[in-house]
Structures are given as structure tokens and as C-alpha cells.
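Single-structure report; data block below.
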Amino acid sequence: MLSTAQHPLEPSEKLNKPPTLNTRLSTIMSDEAFVMELNNLCQQRRLTPEWAEMHTGAQNVLTWTVAVSFDGIEFGRGSSRSKKHAKELAAEMALRALKAQISAA
């Protein structure tokens, strides 16, 4: 006979625990990490990012494209079904380009 903890139909203790504040914060942070890091770098360097957003496709299958530029020069572009994810991809690309430019100077 199986004990209650081993019963295959009983949910595990881990699944019943609500997420902690740290878990929720780390999820939020990872979802917006590149945009936040880009914003921080821009504040330090006194740069102003210019964001351009557009979408294509039917309403139920939109593809978002987000581009970020500085002084009219595009540094990053991302496309995704989610506008937020497209912005993250653009921010990641821009961060890499800016950091490479900073380290080369």
C-alpha cells in the first residue's frame, strides 16, 4: 500500500505552494531584463532610445516588429508574436551593439 505522499493521484507538496515574492520578481525581471539594462545604460550615457513598433498579419496572428535607434541609427530590431518579446529582442540586440561600441572606444 502506498503512503499518502507516494500516492500517484495526490498532488505533490511543491505544486501546492504559491509562488514566493522572489519567484515572482525574478520572473518579472527576466521578462524585462534587456529593456531595463538598456534603459540603465542610456541613463548613464545620456542617450535617448527611439522605439518604433509595427505589426503585420491578421488580428489573430499578429507579428510585432520593434526597432530601437539612437540619433536615427538603428541598433536593434526584434520580431515576435508578442510585442513585449519583440521589444526585448530589439533591446538585447541594441545592448550588444552599444557595449561593443563602448568597449572599442
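Taking only the alpha carbons of the range 47-105, we obtain Rg and Dmax values of 12.6, 45 Å in that order. Once the C-beta distance of Ala33 and Arg77 is scaled by a Förster radius of 22 Å, the resulting FRET efficiency is 0.75 to the nearest 0.05.
Read the figures in this text as sums done on the coordinates, not as results from a lab. What you see is a predicted model, and the numbers here were worked out from it, not measured in a lab. Note that we place each Cβ from the backbone using ideal geometry, even for glycine, and neighbour counts take in every protein chain shown.
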